[in-house]
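The values are calculated or read from the model by the stated rules, or taken from the named source; none is laboratory data. Keep in mind it's a predicted model, so treat the numbers as computed, not measured. Here the Cβ positions follow ideal geometry from the backbone for every residue, glycine too, while neighbour counts run over all protein chains shown. In case anyone asks, the SASA skips ligands and DNA or RNA and just uses the protein heavy atoms, side chains included. Shrake-Rupley method; radii C 1.70, N 1.55, O 1.52, S 1.80 Å.
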Amino acid sequence: MAQKLVVGNWKLNGSLAANDALLGGCVALVGVDMAVCVPFPYLAQVGSCLTGMALGAQTVSEFQSGAYTGEVSAEMLAEVGCRYVIVGHSERRTLFGENNVTVGRKTVAALRAGLVPIVCVGESLAEREAGQVMEVIGRQLDAVRECIGVQGLSRTVIAYEPVWAIGTGRAASADEAQEVHAGIRRWLAEHGAPAEEIRILYGGSVKADNAEALFAMPDVDGGLIGGASLVARDFMAICQAAMANGGG
Ligand code: 13P
């Protein structure tokens, strides 16, 4: 596997001044790929001051152009310098009505524009307790595969984000994450995708003090970081942990 990828998901946070201050404390590190996914209005600002880090958005329209008030197309994101876009984040699924079908369509749109979709999958606590983790994730991945095929899958990044770990301070343990990541890689291989080449990120309460253990796992290829990506020192510590465990 290539070096690890650490992506900050700023969610609905930031201001011109706060972004400047945050990015002022971040430097690109050699040996780890870094990116930040920021709110739409700040793409230009952040894009203009990033060096050695990639730019991304947090969602994208399934449509290319037309009468879709409020939507932002993948082509627009590409034009303003995005490399990545998050699709299917659980917050979008639970709060904004996205489902496996719309996530599939958004993934198509991202690939069409040459963006790398970061496809989020993960189970709720109830689903975990019912022993349905891989069943749920398999359904989420299948919906995407049906839209983009195996060829398309090879151009994605997968993010395993257990819903119960997002913003709760209760991250999956390194072993729990590894078990699911290995399951996702198995699923990819079984469906004919180049499983070893597809990065699988872990997201959900990654902090400076648990990043090292998570990134040491053989199937954890990096992280998708929410809250801790808003604090430069924490984000940098997480990126350093990924660098130290690179190539794994
Ligand atoms: P937290 O790191 O704040 O738990 O958020 C994770 C997440 O949702 C990243 O997309």
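Can you go through Gln64, Gln58, Gln3 and tell me which one is open to solvent by 60 Å² or more (accessible area, probe 1.4 Å) and closer than 19 Å to Leu201 by Cβ? So that I can check it myself, show each step before the final result.
Working: Gln64 fails: closer than 19 Å to Leu201 by Cβ; Gln58 fails: open to solvent by 60 Å² or more (accessible area, probe 1.4 Å).
Just one listed residue meets the conditions, Gln3.
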On the basis of being touching a Cys at 6+ places or on another chain (Cβ under 9 Å), more than 19 Å from Val180 (Cβ to Cβ) and touching a residue at least 24 places away in the same chain (Cβ under 8 Å), does Val80 make the cut? no
Of all residues in the stretch 109-128 being open to solvent by 50 Å² or more (accessible area, probe 1.4 Å) and not in a loop (DSSP other than H, G, I, E, B), the one that is farthest from the ligand (Cβ to nearest atom): Arg112
Kindly list, by first and then second residue, each pair from a residue in the stretch 219-248 that is over 29 Å from Ser15 (Cα atoms) to a residue that is charged (D, E, K, R) and assigned to a loop (DSSP other than H, G, I, E, B), limited to pairs with Cβ atoms under 7 Å and residues at least 6 apart or on different chains. Asp221/Lys4; Asp221/Arg199; Asn245/Lys4; Gly246/Lys4
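Considering the stretch 188-217 alone, what residues qualify as being among the β-branched types (Val, Ile, Thr) and under 29 Å from Gly149 (Cβ atoms)? Full working, then the answer.
Here is the first cut: in the stretch 188-217, the ones among the β-branched types (Val, Ile, Thr) are 198, 200, 206.
Ile198, Ile200 - these are the residues of the stretch 188-217 that are among the β-branched types (Val, Ile, Thr) and under 29 Å from Gly149 (Cβ atoms).
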Among the residues that make up the stretch 181-190, is at least one of them away from the ligand (no atom under 14 Å from the Cβ), outside any helix (DSSP H, G or I) and touching a residue at least 12 places away in the same chain (Cβ under 8 Å)? no
Anything in the stretch 170-183 that is in contact with a Gly (Cβ under 9 Å, 6 or more places away or on another chain) and over 12 Å from Val206 (Cβ atoms)? List them, or say none. Val180, Gly183
Among the residues of the stretch 67-104, the number that are open to solvent by 60 Å² or more (accessible area, probe 1.4 Å) and of a type outside the set (D, E, K, R) is 11
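Can you name every residue in the stretch 193-223 that is within 16 Å of the ligand (Cβ to nearest atom) and either polar (S, T, N, Q) or open to solvent by 10 Å² or more (accessible area, probe 1.4 Å) (or both)?
Within the stretch 193-223, the subset within 16 Å of the ligand (Cβ to nearest atom) is 199-215, 220-223.
The answer is Arg199, Ser205, Lys207, Ala208, Asp209, Asn210, Glu212, Ala213.
Would it be correct to say that Gly227 is at negative phi, at pLDDT below 95 and open to solvent by 30 Å² or more (accessible area, probe 1.4 Å)? Show your work before the answer.
Details: at negative phi: yes; at pLDDT below 95: no; open to solvent by 30 Å² or more (accessible area, probe 1.4 Å): yes.
When the stated conditions are applied, Gly227 does not pass them.
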Quick one: what pairs do we get from the stretch 150-178, first residue within 16 Å of the ligand (Cβ to nearest atom), second among the aromatic types (Phe, Trp, Tyr), C-beta under 6 Å, 6+ apart or different chains? Tyr160/Tyr202; Ala177/Tyr202
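Kindly evaluate Gly131 against the criterion of being out of contact with any His (no Cβ under 6 Å at 6 or more places or on another chain), surrounded by fewer than 17 Cβ atoms within 10 Å (Cβ to Cβ) and over 30 Å from Glu75 (Cβ atoms).
Numbers: out of contact with any His (no Cβ under 6 Å at 6 or more places or on another chain): yes; surrounded by fewer than 17 Cβ atoms within 10 Å (Cβ to Cβ): yes; over 30 Å from Glu75 (Cβ atoms): yes.
Yes; evaluated as a whole, the condition is true for this residue.
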Find all pairs meeting these conditions: Cβ atoms under 7 angstrom apart; at least six residues apart or on different chains; first residue within the stretch 6-21 and more than 23 Å from Tyr202 (Cα to Cα) and open to solvent by 70 Å² or more (accessible area, probe 1.4 Å); second residue away from the ligand (no atom under 16 Å from the Cβ) and at pLDDT 95 or above. Leu16/Gln45
